[in-house]
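> Just passing along the structure, written as structure tokens.
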Amino acid sequence: MRRLLLVILFSPCLLCLGGGVHYWAYNALRDLGIGMGNSVWKPLGERLDHKALPDELYVGEHSAFYTTHQSSGEGTTLWRVSATGARRWSHFEGAVCSLANAGNVWFGLLSLPSPDRRDERIFKVVRSHDEGRTWEERGVVRNLSKLLVVSEQEVWGLGRELQVSTDAGQTFTRVPLPGERNSVTEQLSRGLDGTVWLVGPTELFRISEHGKHWTHEPIKGADLQAGGGGFLAGRVGEALAIRRDAPGAEWIPFTRRDHWVQDFSVSGDTIRVVTGSVDPFKTGMDLWYHHSEDGGRTWEHVDTDLFKMAIAGRERGFGVELLGDLYGYVP
């Protein structure tokens, strides 16, 4: 329906109707929203200024945020997103590398220039107990670029090393695992029964007791791209597919588009996947949303018309169009 309205809007016979048709079509699209499996994403406030489109999107259990970086100098603005729109929320001195949430606490990883103005940068962990309104400094870390928050005390970091904190980000300890770490191709996620997963292109580590125990499984015949909640996702042959983390489980293809997994969320048997084109010049910039309520046996697929998206839990998430319209279903 969204694409039909756009075709009608820009057909030659209607262009002469001018601004009235544009106004009707624009509002019709906003009224329809975007069907996303078990929810409908509605417009979130007014269109954003195209000069201040989001850099990164984050969705937690109780809040949704996006960040914008200053065009000159250091600094990042944090915007909180609600059903009525986006509101400037707080400001960081430095660049935000990662934000992560569990329960009522958010943690962030900031990159700042060193005090003596050398080329080296310092990385600080910050924490918020009031849904991102105020932040307190915790510890200074090295070699980290991503965070995973398990609880108010347990925070994991991934960069050139895998590290874990059990004192709310004040100090971190290296977790020695075989091989070399790569925060571009590897992902941290919540597994089952209190485990943390480190998902790499060809292997899966299941880690427990803050890194004291772990198991390693080489994954053959698949390029792993995401995982969590008892499921793995990756490219198997010509398809993107999911698989339960269980002995003898088979890969279930869900799309044959030339895409890669950009975001992944599992809640029980509800599996939600956001995919984007491997080559946008060939297959477009639109992100696709894939939704299953039965553990991957059947799927719904949506061309979202969005170019950035973030999802969490069973229904939550939001995204932005190139023109600046925010759509979502947020806490």
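The values are calculated or read from the model by the stated rules, or taken from the named source; none is laboratory data. Computed from a predicted model, the values in this text were never measured in an experiment. Cβ sites come from the backbone with ideal geometry, for glycine too, and all protein chains shown count toward neighbours. Just so you know, the surface numbers come from the protein's heavy atoms only, side chains and all, with ligands and any DNA or RNA stripped out. Shrake-Rupley method; radii C 1.70, N 1.55, O 1.52, S 1.80 Å.
> What do you get for the angle between helix 19-32 and the principal long axis of the chain? Use alpha-carbon atoms, 0 to 90 degrees, nearest ten.
Around 40 degrees separate the two axes.
> Sticking with this one: Using Cα-Cα distances under 8 Å and only pairs 6 or more residues apart, what relative contact order does segment 280-331 have, in percent?
Numbers: 71 pairs, mean separation 12.5, N = 52.
That works out to 24 percent.
> Can you tell me which lysines have their Cα less than 27 Å from the Cα of LYS220? Leave out same-chain residues fewer than eight positions away.
Excluding near neighbours in sequence, the set is LYS146, LYS212.
> Not counting ligands, DNA or RNA, and with a 1.4 Å probe, what is VAL105's accessible surface area in Å² rounded to the nearest 10?
Answer for VAL105: close to 0 Å² accessible.
> How do HIS259, HIS210 rank by accessible surface area computed with a 1.4 Å probe, from largest to smallest?
HIS210, HIS259
> With the cut-off at 1.5 for a/c, could you classify the chain from its C-alpha gyration tensor as rounded, prolate or oblate? Provide the component values of the computation, followed by the final result.
Values: a/c = 2.01, a/b = 1.27, b/c = 1.59.
Oblate.
> A follow-up question, please. Under a point-charge model restricted to the Cβ atoms of Lys and Arg (+1) and Asp and Glu (-1), what is the dipole moment magnitude of the chain relative to its Cα centre, in debye to the nearest 20?
Details: 36 positive and 42 negative charges, 53 e Å.
It comes to approximately 260 debye.
> Next question, about the same structure. Hey, can you find the accessible area per residue of the chain for me, probe 1.4 Å, expressed in square angstrom? Spell out each step's value before the answer.
Details: 16240 Å² over 331 residues.
Using a 1.4 Å probe on heavy atoms only, each residue of the chain averages 49 Å².
> By per-residue mean of other Cβ atoms within 10 Å, what is the highest-first order of 140-151, 215-226?
Values: 140-151: 18.0, 215-226: 14.7.
Ranked by mean Cβ neighbours within 10 Å, highest first: 140-151, 215-226.
> Right, next: Using a cut-off of 9 Å between beta-carbons, work out the net charge of the residues near SER165 (Lys and Arg +1, Asp and Glu -1, SER165 not included).
Values: positive: ARG138; negative: GLU154, ASP167.
Within the 9 Å Cβ shell, the charges total -1.
> Could you sort ASP305, ASP55 by their accessible area in this structure, using a 1.4 Å probe and putting the largest first?
Details: ASP305 25, ASP55 50 Å².
These residues rank, largest area first, as ASP55, ASP305.
> Report, in whole Å, the centroid distance computed from the Cα atoms of segment 254-323 and segment 66-118.
Cα centroid to Cα centroid, the span is 25 Å.
> When the accessible area of the chain is computed with all protein chains present and a 1.4 Å probe, what percentage of it is carbon and sulfur?
Details: 8450 of 16240 Å².
Looking at the chain in its full context, I get 52 percent from C and S.
> Does segment 90-194 classify as rounded, prolate or oblate by the C-alpha gyration tensor (a ≥ b ≥ c root eigenvalues; a/c under 1.5 gives rounded; else a/b over b/c gives prolate, otherwise oblate)?
Values: a/c = 1.88, a/b = 1.09, b/c = 1.72.
Judged from the Cα gyration tensor, segment 90-194 comes out oblate (a/c at least 1.5, b/c at or above a/b).
> Below 18 Å, Cα to Cα, which aspartates and glutamates can LYS282 reach? Residues fewer than 8 away in the same chain don't count.
Partners within reach: GLU238, ASP258, ASP303, ASP305.
> Here is a follow-up. Considering the dipole of the chain built from charges on the beta carbon (Lys and Arg +1, Asp and Glu -1) around the Cα centre, which of ILE242, GLY75, GLY313 is farthest to its positive end?
GLY75
> Once you have a ≥ b ≥ c as the square roots of the Cα gyration tensor eigenvalues for segment 155-203, tell me rounded if a/c is under 1.5, and otherwise prolate or oblate according to whether a/b is larger than b/c. Can you show the working numbers first?
Values: a/c = 2.07, a/b = 1.29, b/c = 1.60.
It is oblate, given that a/c is not under 1.5 and a/b is not larger than b/c.
> Please arrange GLU209, GLU321 by accessible surface area, largest first, computed with a 1.4 Å probe and ligands excluded. It would help to have the intermediate numbers written out before the result.
Values: GLU209 110, GLU321 30 Å².
So, going from the largest accessible area down, we get GLU209, GLU321.
> Moving to a separate point now. Under 18 Å Cα-Cα from LYS42, which lysines qualify once same-chain neighbours fewer than 8 residues away are excluded?
LYS308
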